[in-house]
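> Right, I'll just put the structure down here and ask away after.
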Amino acid sequence: MASPEKPRLVVFDVEGVLIPKNRFIFEVGKTLGFTTLVKMLIFGFLYEAGILKLESALRHVFSNLKGVELKTLQCIFDKIPATPLLRSIISQLKTRNCKIALISSGLPTVVVKKFADSLGAEYAFGIDIEAQDEKLTGQISGEAIAPEGKMKILAKILVAENLELKDCVVVADDRNN
């Protein structure tokens with residue numbers, strides 16, 4: 001009897017690959033008013049221009065989200081359209097014995113986790129957001145926002161799955177990946 005094919009790992013960046021880039025922060029910012037939206041967009045621009053590091057830009061952006069309810073974040077995310085045929089792509093990968101990981105340095109882990117669960121992905125990582133009484137405090141943390149953080153997360157997944165880097169495909173769209 002032939003042994004089953006060795007599993008592979010497909011890692012997806014979320015923003016810009018699975019959902020439109022910067023759409024989540026834009027939609028959240030819109031709910032907070034014009035001034036807050038502009039502040040958030042400025043920090044995003046400073047990151048894209050290479051003036052601010054990712055972690056610094058994200059800390060500024062999320063500090064503007066202080067007081068936003070966790071359920072508001074999820075409701076906003078749920079309205080963002082996913083890449084066409086995404087569920088079909090994931091299904092085809094799963095039939096080929098692929099494990100799926102979603103890693104985002106722009107979205108909260110709670111949002112990425114729910115999205116991953118809906119797709120059948122085994123792993124979900126994002127920004128760890130601090131909340132008190134179901135409202136954001138504006139504080140963030142986690143490996144996904146640290147320098148080389150996504151690589152550290154990938155290394156942990158590879159160890160957990162007993163895979164090597166050559167067994168992995170990363171689908172991403174920017175320098176942070």
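> Could you go through the range 165-174 and let me know if any residue there is in contact (Cβ under 8 Å) with a residue 12 or more places away in the chain, in contact with a Leu (Cβ under 7 Å, 6 or more places away or on another chain) and over 21 Å from residue 70 (Cβ atoms).
Filtering the range 165-174 down to residues in contact (Cβ under 8 Å) with a residue 12 or more places away in the chain leaves 167-174.
Checking the rest, the ones that are also in contact with a Leu (Cβ under 7 Å, 6 or more places away or on another chain) come to 167-168.
Of the ones still in play, those that are also over 21 Å from residue 70 (Cβ atoms) are 167-168.
Checking the range 165-174: at least one residue is in contact (Cβ under 8 Å) with a residue 12 or more places away in the chain, in contact with a Leu (Cβ under 7 Å, 6 or more places away or on another chain) and over 21 Å from residue 70 (Cβ atoms).
> Kindly indicate whether residue 50 is among the small types (Gly, Ala, Ser) and surrounded by fewer than 16 Cβ atoms within 10 Å (Cβ to Cβ).
Yes; evaluated as a whole, the condition is true for this residue.
> Please find, within the range 129-175, the residue that is surrounded by the most Cβ atoms within 10 Å (Cβ to Cβ) out of those that are touching a helix residue (DSSP H, G or I) at 6+ places or on another chain (Cβ under 6 Å) and not in a helix (DSSP H, G or I).
Among residues in the range 129-175 that are touching a helix residue (DSSP H, G or I) at 6+ places or on another chain (Cβ under 6 Å) and not in a helix (DSSP H, G or I), the one surrounded by the most Cβ atoms within 10 Å (Cβ to Cβ) is 140.
> In addition: For residue 44, state whether it is surrounded by 13 or more Cβ atoms within 10 Å (Cβ to Cβ), under 14 Å from the mean Cα position of the chain (by Cα), closer than 16 Å to residue 15 by Cα and modelled with pLDDT under 95.
It is false that residue 44 is surrounded by 13 or more Cβ atoms within 10 Å (Cβ to Cβ), under 14 Å from the mean Cα position of the chain (by Cα), closer than 16 Å to residue 15 by Cα and modelled with pLDDT under 95.
> A further question on this structure: Which one is farthest from residue 107 (Cα to Cα) among residues in the range 53-65 that are at pLDDT 95 or above and open to solvent by 70 Å² or more (accessible area, probe 1.4 Å)?
Once the filter is applied, the top-ranked residue is 60.
> Go through the range 79-117 and report how many residues are over 23 Å from residue 142 (Cα atoms) and either open to solvent by less than 70 Å² (accessible area, probe 1.4 Å) or touching a residue at least 12 places away in the same chain (Cβ under 8 Å) (or both).
15
> If you check residue 121 against the conditions, is it part of a helix (DSSP H, G or I), modelled with pLDDT of 95 or more, hydrophobic (A, V, I, L, M, F, W, C) and crowded, with 17+ Cβ neighbours inside 10 Å?
Numbers: part of a helix (DSSP H, G or I): no; modelled with pLDDT of 95 or more: yes; hydrophobic (A, V, I, L, M, F, W, C): yes; crowded, with 17+ Cβ neighbours inside 10 Å: yes.
So residue 121 does not fit the description; no.
The values are calculated or read from the model by the stated rules, or taken from the named source; none is laboratory data. Not measured: the values here are computed from a predicted model. Don't worry about glycine lacking a Cβ; one is built from the backbone with ideal geometry, like all the others, and counts go over all protein chains shown. For accessibility, only protein heavy atoms count, side chains too; no ligands or nucleic acids. Shrake-Rupley method; radii C 1.70, N 1.55, O 1.52, S 1.80 Å.
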